[in-house]
Amino acid sequence: MGSLFAELARRATTNARREVETYVREIPEFGILDTDPRAMAETLEYAVWFRRRTVELSPGNSELRDDDLSYISAMGELRAGAGCRSTRDNGCCGCTPR
């Protein structure tokens, strides 16, 4: 099993990048990442962190800690806020577009 976790850790950045690229391509609300380099970097950083954290905890079947859950919550709030600042003509949820 150790080699599986090592391989997942080694591929964390590549797989996270592919995940974010897929979100941008497939989910309209994530299209903003193409025009906001900071949001793209934050989203990629989170995706890499989540993969690495999962690999760290998995061998011991450990659960996420409170600080992990706080980080996930904060990222969710950031994403929710970014999704409402749409560049589309009609906004994404009735909000005023940028």
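Quick one: with all protein chains in place, what share of the accessible area of the range 1-85 is carbon or sulfur, to the nearest percent (1.4 Å probe)? Don't skip to the end; give the middle numbers.
Values: 3110 of 5730 Å².
That share works out to 54 percent.
Order of 35-45, 68-78 by packing, highest average Cβ count within 10 Å first? Let's see the in-between values first.
Numbers: 35-45: 14.5, 68-78: 12.8.
Top of the packing list down: 35-45, 68-78.
Met40: net charge of surrounding residues, Cβ under 11 Å, Lys/Arg +1, Asp/Glu -1, itself excluded?
On the way: positive: Arg17, Arg38; negative: Glu21, Asp34, Asp36, Glu42, Glu45.
Taking every Cβ under 11 Å from that of Met40, the sum is -3.
Could you tell me the extents of the range 38-78's C-alpha atoms along the three principal axes, largest first, rounded to whole Å?
Principal-axis extents of the Cα atoms in the range 38-78, largest first: 34, 17, 9 Å.
Net charge near Leu64: determine it from the other residues with C-beta under 12 Å of the C-beta of Leu64, scoring Lys and Arg +1 and Asp and Glu -1.
The answer is -3.
If you take every residue apart from Val55 with its C-beta less than 14 Å away from the C-beta of Val55, what net charge results, scoring Lys and Arg +1 and Asp and Glu -1?
Around Val55, the charge tally is +2.
The values are calculated or read from the model by the stated rules, or taken from the named source; none is laboratory data. For clarity, every value in this text was computed on a predicted model and none was experimentally measured. Every residue, glycine among them, receives a Cβ derived from its backbone with ideal geometry; neighbour counts consider all protein chains shown. Only protein heavy atoms, including side chains, enter the accessible area calculation; ligands, DNA and RNA are left aside. Shrake-Rupley method; radii C 1.70, N 1.55, O 1.52, S 1.80 Å.
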